[in-house]
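Worksheet for the structure shown next.
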Amino acid sequence: MENTTTNNGSSRSVLCIEDEHFISELYTRALTKNGYTVTVISDGAEALKESETNKYDIILLDLMVPNITGIEILRTLRDPARVPPIKAKIIIITNLEQNESVRADIEKQADGYLVKAELTPHELADFVDTIK
């Protein structure tokens, strides 16, 4: 996979775990335009395996993906016993309604929580630009 350089001069890679092809295409275009290398995986089990390679700076994680849910992926990646720990920042991207306690639990484990319906792909890319 070829790395690209972002606007801030550093090479950044994004793993987009999203099963809606149209949405992943929009995100990929916006992120690529902002200089990111993007890999898209729609299957939860495959995405977990790829996440564990620890080669991504940012993981955009949809909660509703087939075979393993995004919540299960998040819990596995954030397991305190994991060696080595996952270096990627994990951003939840979802339209799934959560009750407040479930959302709070997810937000504690993730580095960001975004509702798809509330942002454009361009706004997503701008948000990713702010992640250090």
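Mean Kyte-Doolittle of at least 0.0 plus a Cα span of 15 Å or more along the axis: flag which DSSP H helices in the chain meet both, please. Let's see the in-between values first.
Values: long enough: 21-33 (18 Å, -0.15).
Going by DSSP H runs, there are no hits.
Over all directions, what mean area does the Cα convex hull of the chain project, stated in square nanometres? Mind showing how you got there, number by number?
Values: hull surface 30.6 nm².
Quarter of the Cα hull surface area: 7.6 nm².
Could you work out the helix-only [θ] at 222 nm for the chain, with each DSSP H run of four or more residues adding -39,500 (n - 2.57) and the total divided by the number of residues, to the nearest 500 deg cm²/dmol? Walk me through the intermediate numbers first.
Numbers: 5 runs with 48 residues, N = 132.
So the calculated ellipticity at 222 nm is -10500 deg cm²/dmol.
Within region 13-129, count lysine pairs with alpha carbon atoms under 21 angstrom apart where the residues are 8 or more positions apart or belong to different chains.
11
Need the full-extension length gain, Thr39 to Thr120, defined as separation in residues times 0.36 nm minus the C-alpha distance. One decimal, nm.
Numbers: separation 81, 0.36 × 81 = 29.16 nm, distance 1.92 nm.
Gain on extension, Thr39 to Thr120, equals 27.2 nm.
Every number in this text was worked out from the coordinates using simple rules, so none of it is lab data. Here the structure is a predicted model, which is why all the values come from computation and not from measurement.
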